[in-house]
1. Among the residues of the stretch 84-104, is there at least one that is under 16 Å from residue 141 (Cα atoms), buried (at least 19 other Cβ atoms within 10 Å of the Cβ) and either modelled with pLDDT under 85 or in contact with a helix residue (DSSP H, G or I) (Cβ under 9 Å, 6 or more places away or on another chain) (or both)?
2. From the list 47, 27, 21, exactly one residue is at pLDDT below 90 and either loosely packed, with under 14 Cβ neighbours inside 10 Å or not assigned by TED's automatic domain parsing to the domain that holds residue 200 (or both). Which is it?
3. Quick check: anything in the stretch 125-133 within 30 Å of residue 216 (Cα to Cα), touching a strand residue (DSSP E or B) at 6+ places or on another chain (Cβ under 6 Å), in contact (Cβ under 8 Å) with a residue 24 or more places away in the chain and in a loop (DSSP other than H, G, I, E, B)?
4. Taking the stated definitions as given, is residue 146 surrounded by 14 or more Cβ atoms within 10 Å (Cβ to Cβ), in contact with a helix residue (DSSP H, G or I) (Cβ under 8 Å, 6 or more places away or on another chain) and assigned by TED's automatic domain parsing to the domain that holds residue 23?
5. Looking at (1) under 27 Å from residue 190 (Cα atoms); (2) surrounded by fewer than 17 Cβ atoms within 10 Å (Cβ to Cβ); (3) out of contact with any strand residue (DSSP E or B) (no Cβ under 9 Å at 6 or more places or on another chain), which is the only condition residue 171 fails?
6. Just a yes or no: is a residue in the stretch 203-222 part of a loop (DSSP other than H, G, I, E, B), closer than 30 Å to residue 26 by Cα and touching a strand residue (DSSP E or B) at 6+ places or on another chain (Cβ under 8 Å)?
7. Identify the residue in the stretch 112-124 that is closer than 21 Å to residue 5 by Cα and either buried (at least 16 other Cβ atoms within 10 Å of the Cβ) or in contact with a strand residue (DSSP E or B) (Cβ under 9 Å, 6 or more places away or on another chain) (or both) and, among all such residues, is modelled with the lowest pLDDT.
8. Looking at 218, 235, which is the one that is more than 30 Å from residue 160 (Cβ to Cβ), surrounded by 10 or more Cβ atoms within 10 Å (Cβ to Cβ) and assigned by TED's automatic domain parsing to the domain that holds residue 190?
């Protein structure tokens, strides 16, 4: 079943209870939800030399753990309660829209702000489904979420290695696969290259090599799909080296020529 990231404010016991209720309903339906305050890396505390909590390290650790949860998710269910949408939740919805992950947005809060309500039109536009549920019972709300989640396609139409369908079938997983048409392959491969590039960006030192291998294989498959000659690409690469250099010295652009 689908891997679903549950987003929402975590500042009150009531907010966390709503998110946990959603988590329980999705698990009962057979899905694999990611609940940030439970599944993120917010366990223990990074400690500095003096034994005090290192807040910067803790923030980074939690951020990276939640980003991994987002990267692996097929879809998001987001709680938009509060006078204004939680900043972290807004970020997660924006990320999901950019990454083409479906979003179910839920609001049980009856408060509004002006004629357009309390939810940003940008967030509403990014959501595949918005449920204003301030007058609904919890049983009906959970049914709406579970029914929507039933239509989520696991793995988000992502390309997998050629042997994966056979391996998963042998392990008893009930997943449907299809072989993409010829005219789909270039875009599907470019999406795969982008996906693996993001995974490399988020990888720690122990996983970088694995991500680089995947990136090389996806890029080589794209080269074969386009029918490009490797010697021609090598010549183009050499020309770039001669005129612009490589990426060995580590230069970055910091701004225009004006003095800071």
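The values are calculated or read from the model by the stated rules, or taken from the named source; none is laboratory data. Predicted model, so just to flag it, every value in this text is computed and none were measured. No Cβ is skipped: glycine too gets one built from the backbone with ideal geometry, and neighbour counts run over all protein chains shown.
1. Here is the first cut: in the stretch 84-104, the residues under 16 Å from residue 141 (Cα atoms) are 103-104.
Now drop any that are not buried (at least 19 other Cβ atoms within 10 Å of the Cβ), which leaves 103-104.
Okay, now just the ones that are also either modelled with pLDDT under 85 or in contact with a helix residue (DSSP H, G or I) (Cβ under 9 Å, 6 or more places away or on another chain) (or both), so 103-104.
There is at least one residue in the stretch 84-104 that is under 16 Å from residue 141 (Cα atoms), buried (at least 19 other Cβ atoms within 10 Å of the Cβ) and either modelled with pLDDT under 85 or in contact with a helix residue (DSSP H, G or I) (Cβ under 9 Å, 6 or more places away or on another chain) (or both).
2. Numbers: 27 fails: at pLDDT below 90; 21 fails: at pLDDT below 90.
Answer to the check: 47.
3. Kept after step one, since they are within 30 Å of residue 216 (Cα to Cα), are these residues of the stretch 125-133: none.
Taking every residue of the stretch 125-133 in turn, none turns out to be within 30 Å of residue 216 (Cα to Cα), touching a strand residue (DSSP E or B) at 6+ places or on another chain (Cβ under 6 Å), in contact (Cβ under 8 Å) with a residue 24 or more places away in the chain and in a loop (DSSP other than H, G, I, E, B).
4. On the way: surrounded by 14 or more Cβ atoms within 10 Å (Cβ to Cβ): yes; in contact with a helix residue (DSSP H, G or I) (Cβ under 8 Å, 6 or more places away or on another chain): yes; assigned by TED's automatic domain parsing to the domain that holds residue 23: yes.
Yes, satisfied.
5. It is condition (1) that residue 171 fails.
6. Within the stretch 203-222, none of the residues are part of a loop (DSSP other than H, G, I, E, B), closer than 30 Å to residue 26 by Cα and touching a strand residue (DSSP E or B) at 6+ places or on another chain (Cβ under 8 Å).
7. Taking the stretch 112-124 as the starting set, the residues that turn out to be closer than 21 Å to residue 5 by Cα are 119-120, 122-124.
Then keep just the ones that are either buried (at least 16 other Cβ atoms within 10 Å of the Cβ) or in contact with a strand residue (DSSP E or B) (Cβ under 9 Å, 6 or more places away or on another chain) (or both); that gives 119, 123-124.
On the way: 119: 81, 123: 91, 124: 91.
So, considering only residues that are closer than 21 Å to residue 5 by Cα and either buried (at least 16 other Cβ atoms within 10 Å of the Cβ) or in contact with a strand residue (DSSP E or B) (Cβ under 9 Å, 6 or more places away or on another chain) (or both), the one modelled with the lowest pLDDT is 119.
8. Values: 218 fails: more than 30 Å from residue 160 (Cβ to Cβ).
Criteria check complete, one pass: 235.
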